[in-house]
Amino acid sequence: VRLFGRIGTGRQARRSVRALTVAASRFAAGDLSVRVSEQAADEELARLETAFNHMADVLEERIEKAAEETRGREAFFAQVSHELRTPLTSIVGYGDLLLADARGLERIDPAERLEALETTDRNSRRLLRLVNDLLFAARVGADMLRLQHSDYDASVIARQAVDAAEPAAASAGISLYVEVPRAAPARGDAGRMTQALDNLLSNAIKFTHDRGRAGVRVRRDEDTVTFEVWDTGTGIPEEAVPHLFERFYRGPGALEAPGQGVGLGLPIARAIVEAHGGTISVETAEGEGSTFSMTIPVGVTSPEATQAT
Ligand SMILES: Nc1ncnc2c1ncn2[C@@H]1O[C@H](COP(=O)(O)OP(=O)(O)O)[C@@H](O)[C@H]1O
Ligand SMILES: [Mg+2]
């Protein structure tokens, strides 16, 4: 029985070693899912099998994470290049036309000239906005976000943000609504809060279909002010929600959505809100719409600002 057992063990040991050798070379050849079955009777060999499988688990996870990051970076560079090229191509094209006109080589009528200049203006601003967002994101990454605090009225900046978004909403066939208290005094960086509101509103418009609705609500509680930006748009699939605030993340609907973006709007809004000591969150249902909420502490407002209530 003993002899028999030893032969059996020896044969099994050889089988384990062979399986490990095969698995190691398949792994090296790129099959990251290969594992050995842990069944050696010999204690040392059994430990080796477990160690091999553990090593394979760890490596597989790391390699996949690195590949995902690379894919993300490549997609980001492709997107940024595209976002830069489209307006630049238009600027260069209209620039050539205006130059030819100015040199008397071509004749364009005043209406055409105006359109060329307006398009150039719009595209230059779009480029500037994109470059500013990229710089801002880099600064946030380096923890260099500085706020300029002052007393402001949250109702006023909400109304202004809605007014500024009106032309884009109108051309997309979306009605905008604003519900704000008569005054909502707060202390913070009004310019940055406006930027955060603009980002949320531009998403609300971009991801809402024709004849949809979107809007901003402001609520002033004891110590906080809350901005809600809502829409009756596409909503966001559950699996995308945890990634929304990651830099350069764009959801499944983003590629079809008209207009531009490189996935910086939400991370920038979050950085601004968090720099104010606040929080940002989302409630969404696919096919029904989304509501993004930013709640920030109002801070200590000066007496004049409080009197405005
Ligand atoms: N109001 C919204 N409705 C539906 N999806 C949204 C909304 N806001 C944001 N998203 C999703 O979150 C992603 C990230 O938003 P954002 O950071 O502003 O990037 P971008 O607008 O450049 O795509 C979008 O690509 C989209 O998938
Ligand atoms: Mg956006």
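Some observations on this one:
- Flag for Leu45 being among the hydrophobic types (A, V, I, L, M, F, W, C), touching a residue at least 12 places away in the same chain (Cβ under 8 Å) and surrounded by 13 or more Cβ atoms within 10 Å (Cβ to Cβ): yes
- Check on Thr70, within 28 Å of Pro252 (Cβ to Cβ), loosely packed, with under 12 Cβ neighbours inside 10 Å and either out of contact with any strand residue (DSSP E or B) (no Cβ under 9 Å at 6 or more places or on another chain) or at pLDDT below 90 (or both): yes
- Only a single criterion out of (1) in contact with a strand residue (DSSP E or B) (Cβ under 6 Å, 6 or more places away or on another chain); (2) over 30 Å from Ala196 (Cβ atoms); (3) not hydrophobic (A, V, I, L, M, F, W, C) is not satisfied by Asp151, namely (2).
- Of residues in the range 259-284 being within 16 Å of the chain's Cα centre (by Cα), in a loop (DSSP other than H, G, I, E, B) and of a type outside the set (A, V, I, L, M), the one modelled with the highest pLDDT: Gly263
- Filtered residues of the range 259-279 (kept if within 11 Å of ligand 1 (Cβ to nearest atom) and not small (Gly, Ala, Ser)): Gln260, Val262, Leu264, Leu266, Pro267, Ile268, Arg270
- Flag for Ala204 being modelled with pLDDT under 95, in contact with an Asp or Glu (Cβ under 9 Å, 6 or more places away or on another chain) and within 16 Å of ligand 2 (Cβ to nearest atom): no
- Answer residue from the range 21-41, given it is more than 42 Å from the chain's Cα centre (by Cα) and at pLDDT 95 or above and is nearest to Thr9 (Cα to Cα) among those: Thr21
- Across the range 204-241, the qualifying residues are those that are touching a Ser or Thr at 6+ places or on another chain (Cβ under 8 Å) and part of a helix (DSSP H, G or I), and the one among them that is nearest to ligand 1 (Cβ to nearest atom) is Ala204.
- Pairs meeting the criteria (first residue in the range 89-101 and under 9 Å from Ala116 (Cα atoms), second residue outside any helix (DSSP H, G or I) and of a type outside the set (A, V, I, L, M, F, W, C), beta carbons under 8 Å, at least 6 apart or on different chains) are Leu97/Glu106.
The values are calculated or read from the model by the stated rules, or taken from the named source; none is laboratory data. The model shown is predicted, which means the values in this text are computed figures rather than measured ones. So basically every Cβ, Gly included, is an ideal-geometry build from the backbone, and we count neighbours across all protein chains shown.
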